[in-house]
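The structure appears right after this line, and notes come after that.
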Amino acid sequence: MSSIIEDVEIRKILDSRGNPTVEVDVLTENGFGRAAAPSGASTGIREVTAFPEDGIDNIMNDFGSRVALELIGIDSQDTNLIDTILKEIDGTDNLSSLGGNIIVAISLATAKAASSSYNMPLYSFLGGNMKNEIPYPLGNMINGGAHAGKNAPDIQEFLVVPVGAKNITEAVFANSRVHKRIGELIKAKDKSFTGGKGDEGGWAPNLTNEDALYIQAKACEEVGDELGIEIRPSMDVAASSLWDDKQEKYVYEREGMLRNSGEQVDFVEDIINTYNMFFMEDPFHENDFNGFTELTRRSGNKCLICGDDIFVTNAELLQKGIDVGAANAIIIKPNQIGTLSDTYKTIKLAKDNGYVPVVSHRSGETTDETIAHLAVAFSCPLIKTGAIGGERIAKLNELIRIEKQMINVTMAKI
Ligand SMILES: O=C(O)[C@@H](CO)OP(=O)(O)O
Ligand SMILES: [Mg+2]
């Protein structure tokens, strides 16, 4: 069987916001891999650059000579070599020449071509055939902040985790049930609600953070009782989007509130305690390591305190957090760092230091399902990938398929 790369093709496709992104096909003698890159709206400043400054089209024009020719003839199994070559072709520290999104699509498509060359699903090709754990889905229920319109809550994502679900089917249907129930509760509170949704398929209502939190908790309880499983509320504050450097305050525009870092710690701690939060992402902005450290000290024993913008899937930044006890979980988005091998390096560092890796979609997505395989392959106990919407269910339905293929399968330990 040959996994040697015979051809690499790139095309411009649509993402879920109607923006251009790239899809890459990698062909070997015996296999084929395809991957597409997502895009963020609330991106961290230290993420690699998604696309070159002049857009995608110029790269597409000289892709054959500049990229494909360099990869043809190389074994698609050699992820480290492929990623090194891609970074060399790019030649910049932040991958701004080729663009991290183009590099990540090639890196992932190559791994998929390798797995297909050996007739194996990606999760077992990367993770080995002893894998038998499925991650719990963090489902997105209400969208605010950078993912929704003007009158939506300031907080970006109101999420839930069906921690009592016994299998992935039960888990994803519990999340979709909570999503429906939240829609009903919003309509009951606001008769003029149009049913509008945000970028990740969560409702985008005219609600304060507090009302959204209350409705979310009520729906978790009601659906949890109905289904006989525990469902816990969670959130992504995406606080880099709230932070104003000049005022040195978190600005809650919808609420007309300003909070300094200390007040933000108290505010978030109170939410964790009041609502028995399971997971709290980016409660502080990307440079506020002190805020993360203080909240982790106070609440890290009862809630996952997760860093996204602060770490951007970068092992060096994660090490900085480990050194000061900032957070106990990390969001993993391959396109924040640009390659599969660097993504793995960060996951390994997280696990070696007791940080929970949480594989995540972006707000701008395609129907690419690769992250479902990565979460299983690298034993990440949680995956954040929405609850409804075509580009979100692509990953959730793939997890259902993966679970059916596995032997002696269980949900991850959380
Ligand atoms: O902040 C986040 O965690 C993500 C995904 O939910 O949003 P974006 O892709 O816009 O960065
Ligand atoms: Mg986030």
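The values are calculated or read from the model by the stated rules, or taken from the named source; none is laboratory data. None of the values given here were measured: they were computed from a predicted structure. Positions of Cβ are generated from backbone atoms using ideal geometry, with glycine treated the same way; all protein chains shown enter the neighbour counts. For the accessible areas, the whole protein counts, side chains as well, though only heavy atoms, and no ligand, DNA or RNA atoms are used. Shrake-Rupley method; radii C 1.70, N 1.55, O 1.52, S 1.80 Å.
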Note: probe point = Cα of N132 + 7 Å toward Cβ; backbone nitrogen < 18 Å; residues of the range 383-414 passing the test are 402-414
Simple spin-label estimate for D190/R297, 7 Å along Cα→Cβ, in nm, reads 3.8 nm
Karplus ³J(HN,Hα) for the range 152-169 (6.51 cos²θ - 1.76 cosθ + 1.60, θ = phi - 60°; Hz, whole; x = Gly/Pro) runs 6, x, 5, 6, 6, 9, 9, 10, 9, 10, x, 5, x, 5, 9, 7, 5, 4
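Could you put R362, R46 in order of accessible surface area, largest first, with the 1.4 Å probe and the full protein assembly present?
The residues order as R46, R362, largest area first.
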For I332, other-chain or 5+-apart residues with amide H closer than 5 Å (H placed, Pro excluded) are V358, V359, S360
With a Förster distance of 45 angstrom and the Cβ-Cβ distance between F267 and I89, calculated FRET efficiency to the nearest 0.05 equals 0.50
HN-Hα couplings for the range 288-296 via Karplus (6.51, -1.76, 1.60; θ = phi - 60°), in whole Hz with x for Gly/Pro, come out as 8, 4, 4, x, 4, 5, 5, 5, 5
Two pseudo-spin positions, 7 Å from Cα along C-beta at N408 and at E210, lie apart in nanometres by 5.2 nm
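Quick check for me: using +1 on Lys/Arg Cβ and -1 on Asp/Glu Cβ, what's the dipole size of the chain about its Cα centre, in debye to the nearest 20?
It comes to approximately 1200 debye.
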Counting sequence-distant residues (5 or more places) and residues on other chains, those with an amide H built under 5 Å from that of D7 are L27
Toy charge model, Lys and Arg Cβ at +1, Asp and Glu Cβ at -1: the range 306-376 dipole around Cα centroid in debye, rounded to 20, equals 160 debye
Using the Kirkwood radius over Cα pairs of the range 284-414, the Stokes-Einstein translational diffusion coefficient at 4 °C and 1.567 mPa s, in µm²/s and rounded to a whole number, is 85 µm²/s
Taking only protein heavy atoms and a 1.4 Å probe, the highest-to-lowest accessible-area order of E403, E226 is E226, E403
Taking 0.36 nm per residue of separation between E221 and R401 and subtracting their Cα-Cα distance, the length gained on full extension comes to 61.9 nm
In whole Hz, the Karplus estimates of ³J(HN,Hα) for the range 55-71 (6.51, -1.76, 1.60; θ = phi - 60°; x where Gly or Pro) are x, 8, 4, 5, 4, 4, 5, 10, 4, x, 6, 7, 10, 4, 4, 6, 9
Amide H proximity to L138 below 5 Å, modelled H, separation 5+ or other chain, gives I383, K384, T385
If unit charges are put on Cβ atoms (+1 for Lys and Arg, -1 for Asp and Glu) and the dipole of the range 245-286 is taken about its Cα centre, the option from N260, P283, I272 lying farthest towards the positive end turns out to be N260
